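So the structure is just underneath, and the comments pick up after that.
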Amino acid sequence: MKQKVVIKLGGSALQHPATLQELARMVHGYRERNFDVVVVHGGGPAINEELTKRGIAWKFINGQRQTTPQMIEVIEEVLGKTVNSNLVESLRAMNIPTLGLSGARDQILYCTHADRKLMRVGQVLKVDVCAIETALSEGTPVIAPIGFGDRGKIYNVNADWAATKIAIALRAKKLIFLTDQLGILDQNQKLVRKATPQKIYRMIEDGVISGGMCTKVLAMMAALEA
């Protein structure tokens, strides 16, 4: 059985053609080395743009978007259709066989409520890898981080956590976060090139790591521990 690599592509990074070319190079490189590659994408800026167009206000709590029932319809449309389709088309144009999947539509990310304050944000309880494995037999699956729950509820899932849970379920060899951020920065805004879990937790406690980066590093730690 082939070893697997999961690449998480940040929503902001999606806006840069150079990033898409880098992603294509990475996917090509791993496929040539006989790895299966899975891509999980975000889409924050595209969601912000569509919510603004519709006059819907939003806010973030600890780096995660509070998601109302009104917003989840917009998010599912933007992530599951627009962003996912555009990314699939871009990779296909670079000669990568690609299939678009949705964590909800394809019954991949089974969720419950993550937090009452976050409303329709999902905490992934289980990953069903069947649709991913089927897609891998044909090419590279590109997955939108939308979850499903009991009674047909749809959830907005943080893309970092979606990629982490998918990587764990697939027993991936590597989990790579492609982002437009410089990386984890210390109190002097210098790049932290190596860190122990103890150092990371201390930086979170001290408020050096916060917001979206805090969510990202906690997801990374969960992946490493698994």
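The values are calculated or read from the model by the stated rules, or taken from the named source; none is laboratory data. Because the structure is predicted, anything quoted here is derived from the model rather than measured. All Cβ positions, glycine included, derive from the backbone under ideal geometry; neighbour counts span all protein chains shown. For the accessible areas, the whole protein counts, side chains as well, though only heavy atoms, and no ligand, DNA or RNA atoms are used. Shrake-Rupley method; radii C 1.70, N 1.55, O 1.52, S 1.80 Å.
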| Under 13 Å from the Cα of Lys4 - aspartates and glutamates, other chains or at least 8 residues apart | Glu32, Asp36, Glu133
| What are the aspartates and glutamates whose alpha-carbon lies under 18 Å from the alpha-carbon of Lys53, with same-chain residues fewer than 8 places away excluded? | Glu73, Glu76, Glu77
| When the scattering of the chain is computed by the Debye formula from its Cα atoms alone, each counted once and equally, what is log10 I(q)/I(0) at q = 0.09, 0.15 Å⁻¹? | -0.35, -1.01
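Of all trypsin sites (Lys or Arg not before Pro) in the stretch 1-43, which ones are in loop regions per DSSP and have a Cβ with at most 13 other Cβ atoms within 10 Å? Let's see the in-between values first.
Details: sites: Lys2, Lys4, Lys8, Arg25, Arg31, Arg33; in loops: Lys2, Arg33.
Here the trypsin sites (Lys or Arg not before Pro) that fit, given the DSSP loop and packing criteria, are Lys2, Arg33.
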| GNM on the chain, C-alpha springs below 10 Å: top fluctuator among Lys117, Lys194, Lys126? | Lys194
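At 1.4 Å probe size, with every protein chain present, just tell me what the per residue accessible area of the chain comes to in Å².
Numbers: 11900 Å² over 226 residues.
It amounts to 53 Å² per residue over the chain.
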| said: For a 23 Å ceiling on Cα separation, which of these pairs sit above it: Lys174/Lys194; Lys2/Lys153; Lys59/Lys165; Lys59/Lys153? | reply: Lys2/Lys153; Lys59/Lys165
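Pull out a ≥ b ≥ c, the square roots of the eigenvalues of the alpha-carbon gyration tensor of the stretch 98-196, then state rounded if a/c is under 1.5, prolate if not and a/b is larger than b/c, and oblate in the remaining case.
Details: a/c = 2.44, a/b = 1.36, b/c = 1.79.
Taking the square roots of the gyration eigenvalues as a ≥ b ≥ c, the stretch 98-196 is oblate.
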| Considering the chain as a Gaussian network with a 10 Å cut-off on Cα pairs, which listed residue, Gly100, Gly55, Gly11, attains the greatest mean-square fluctuation? | Gly55
| field | Rounded percent of accessible protein surface that carbon and sulfur make up, the stretch 95-199, 1.4 Å probe | value | 47
| note | Applying the gyration tensor rule to the Cα atoms of the stretch 1-111 (axes a ≥ b ≥ c; rounded if a/c under 1.5, else prolate if a/b exceeds b/c, else oblate), the class is prolate
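Given +1 on the Cβ of Lys and Arg, -1 on the Cβ of Asp and Glu, and no further charges, what dipole in debye does the stretch 112-192 carry about its Cα centre, rounded to the nearest 20?
Dipole size: approximately 260 debye.
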